[in-house]
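The values are calculated or read from the model by the stated rules, or taken from the named source; none is laboratory data. Computed from a prediction, not measured in an experiment: that's the story for all the values here. Note: ideal-geometry Cβ built from the backbone for every residue, glycine included; neighbour counts use all protein chains shown.
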Amino acid sequence: MNSHGLAHRSIRTRAWWVWVLVSLALFLSLIPSTQAGGVSVTRAATELREGALWLDADARLELFKDQSDALQNGVALLFAWDVVIEQDRGWWGTREIATDAWRARIEYHALSQLYRVLWSSSGGESLEPESYTSLAAAVDNLSHPRGLWLAPASALPMPGSYRGRARLRLVHDSLPLPIRPRAFFASSWQLTSEWYLWAF
C-alpha cells in the first residue's frame, strides 16, 4: 500500500475513534447520576380565605453536587412553583383560572457565608427575604411554601368543582450562558417534578 493509502486509512481510523469517544461521552451523560438529588411534590392544598385563593405545598428537593458547587461559585438558582387551577363545568368542559406563578431564588453570599431565598410572583408580589446558615435550610424554605397568593376569590365562582396541579422546577433559562448547555442535557440538572394533582 502506498503512502497516500496509508495516510487515508490513518485518517479514517482516527475519525472512527473520535466518533466512538463522542458517542461514549454522550451515552455517559444520559446515565442517571449516582449523586444524591431529585425533586418531587408530595402535597399541595388550596384555601379560600381573606378574599383570595392561597396555596400551601410540600416537595422533596435535594440538590446535586453540581448545583451546590454552582452556588458556592456565585451562581444563583431560580426555582418555579407552577400552579394551574381549573374549574370543572361538566358538559361545558373545563375553564382554566389565571393564577400567579411564584419563583424562589437561592443565592450564596461568600462574605457573610449565608444563603438567601427571595420569593417573587408574576403579579409583582414578594415575600420578605430569608437568610440561612446552611443550604439545607434554604432548600427547606422553598420546598415548603405557605400562604402563596394565587388568585382573587372572585375568579372562582361558587359553588363549583375545582382541581389543581402543581410542580416545582429549576428554571434553566435563568442560568448563566456557559452553564446552560450542560444544564439542558445533563441528568444532574433535570430538576423538574411531575405534576401533583388535587381537587377542592
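Below are the figures for this structure:
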read-out	value
Residues satisfying the stated conditions in region 187-200, i.e. in a strand (DSSP E or B) and either surrounded by 14 or more Cβ atoms within 10 Å (Cβ to Cβ) or in contact (Cβ under 8 Å) with a residue 60 or more places away in the chain (or both)	Thr192, Tyr196, Trp198
Criterion violated by Gly93 - all others in (1) modelled with pLDDT under 95; (2) under 19 Å from Ser121 (Cβ atoms) satisfied	(2)
Complete set of residues in region 167-186 that are of a type in the set (D, E, K, R) and loosely packed, with under 15 Cβ neighbours inside 10 Å	Asp173, Arg180, Arg182
Test result for Ser120, buried (at least 16 other Cβ atoms within 10 Å of the Cβ), of a type in the set (S, T, N, Q) and free of Cβ contacts under 8 Å to residues at least 40 places away in the same chain	yes
Hits in region 26-68 - residues which are surrounded by fewer than 19 Cβ atoms within 10 Å (Cβ to Cβ), more than 16 Å from the chain's Cα centre (by Cα), modelled with pLDDT of 95 or more and not small (Gly, Ala, Ser)	Arg43, Trp54, Asp56
Yes/no for Ser143 being within 15 Å of the chain's Cα centre (by Cα) and either closer than 18 Å to Val83 by Cβ or assigned by TED's automatic domain parsing to the domain that holds Thr46 (or both)	yes
Criterion: part of a strand (DSSP E or B) and touching a helix residue (DSSP H, G or I) at 6+ places or on another chain (Cβ under 9 Å) - qualifying residue of Leu53, Leu150	Leu53
